[in-house]
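Contents: one structure, followed by commentary.
The values are calculated or read from the model by the stated rules, or taken from the named source; none is laboratory data. Treat the numbers as computed from the prediction; the structure is a model and nothing was measured. Using ideal geometry, Cβ is built from the backbone for each residue, glycine included, and neighbour counts are taken over all protein chains shown.
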Amino acid sequence: MTDADGYIAKPSGKCCLKGSLHVGDPRGKYETVHGVNTYISSPSADKDNGNIVLYFPDVFGFFTNGLLVMDGFADAGYKTIGIDYFKGDPVYLHRKDKNDTTTEPGFDYEAWKKKHTAFADEVVPGWVEAVKAKFGKSNTKFACVGYCFGAPYVCNELAGEVVTAGAFGHPAFLKDHHFQQLKKPLFLSCSEIDHTFPVESRNLAIDILQKSGQSHQLQLFSGVAHGFALRCNLDNPYERYCKEQSLRSIVEWFDFWLGQQAGDTPSKL
């Protein structure tokens with residue numbers, strides 16, 4: 001069901017402030033593309049499949065967890081390119097401290113979302129075209145993945161001509177038109193416990209995709225909550241499994257669809 005503002009997947013809420021911060025050493029590099037800070041993680045030469053994944057971050061932006069996930073897509077053979085549409089102002093910087101899921105005094109989360117959504121809506125289309133021009137070749141295929149805040153930009157790209165397939169995890173900010181407009185296959189990696197995308201909303205989204213005949217796959221993990229694919233507790237074996245399985249499954253989705261020759265398998269059944 002949609003809420004009063006017409007959302008199927010609601011805007012980010014307090015649940016999006018929760019989650020564990022992981023430890024690691026991201027190996028990518030930063031460049032400015034279309035005036036926006038951009039993270040680029042490249043596969044090793046022996047694994048490079050020649051294709052590109054566009055990465056749309058959750059509200060935590062360029063934090064270690066997300067950078068390591070981008071490196072994970074690179075490990076699978078994809079040059080992975082992410083956009084910092086928060087301009088160095090991710091929401092986790094406004095938590096009281098790194099272990100506190102409440103915000104610092106005086107932080108206006110609604111104003112933060114409004115400001116950064118406006119900028120992202122404006123800059124993403126041009127950034128995608130700039131990435132294509134700078135990094136793409138005549139035979140390059142593109143996929144896209146987004147988490148939470150990034151889900152609408154996945155759907156927007158799946159309504160266009162640049163990407164071949166897309167995926168999102170624990171989405172937010174989605175309305176019915178985001179699903180109705182799709183031209184390319186969508187993978188939905190979801191959690192059972194999710195205030196932004198509860199069971200009724202998932203069912204509505206799948207109903208729209210089924211009625212349109214758009215190729216899709218729903219992956220649902222029980223016992224985990226919104227943010228599981230990026231901000232799980234790695235000390236919990238099941239949460240770690242869900243996070244890693246989500247990434248593996250999205251990679252397999254991309255491998256299949258980007259591996260098809262033109263006309264082999266339609267994006268609509």
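Quick notes on this structure:
- Those residues of the range 174-183 which are buried (at least 23 other Cβ atoms within 10 Å of the Cβ) and in contact (Cβ under 8 Å) with a residue 40 or more places away in the chain, in sequence order: L174, H178, F179
- Residue that is surrounded by the fewest Cβ atoms within 10 Å (Cβ to Cβ), among those in the range 1-19 that are of a type in the set (G, A, S) and modelled with pLDDT of 75 or more: G6
- Residue within the range 115-129 that is surrounded by 13 or more Cβ atoms within 10 Å (Cβ to Cβ) and modelled with pLDDT under 85 present: no
- Filtering the range 21-73 to residues that are crowded, with 17+ Cβ neighbours inside 10 Å, among the aliphatic types (A, V, I, L, M) and under 18 Å from the mean Cα position of the chain (by Cα) leaves V36, I40, I52, V53, L54, V59, L67, L68, V69, M70.
- Within the set H170, H195, the sole residue that is surrounded by 24 or more Cβ atoms within 10 Å (Cβ to Cβ) and in contact with a Cys (Cβ under 8 Å, 6 or more places away or on another chain) turns out to be H170.
- Residue, modelled with the lowest pLDDT, within the range 217-269, restricted to residues that are basic (K, R) and either more than 17 Å from the chain's Cα centre (by Cα) or more than 21 Å from F197 (Cα to Cα) (or both): K268
- Meets criteria (among the aliphatic types (A, V, I, L, M) and either surrounded by fewer than 17 Cβ atoms within 10 Å (Cβ to Cβ) or touching a helix residue (DSSP H, G or I) at 6+ places or on another chain (Cβ under 7 Å) (or both)) for V162: yes
- Restricting attention to the range 243-262 and to residues that are part of a helix (DSSP H, G or I) and among the polar types (S, T, N, Q), the residue that is surrounded by the most Cβ atoms within 10 Å (Cβ to Cβ) turns out to be S246.
- Residues of the range 60-114 satisfying the condition of being of a type in the set (G, A, S) and modelled with pLDDT under 90: G106
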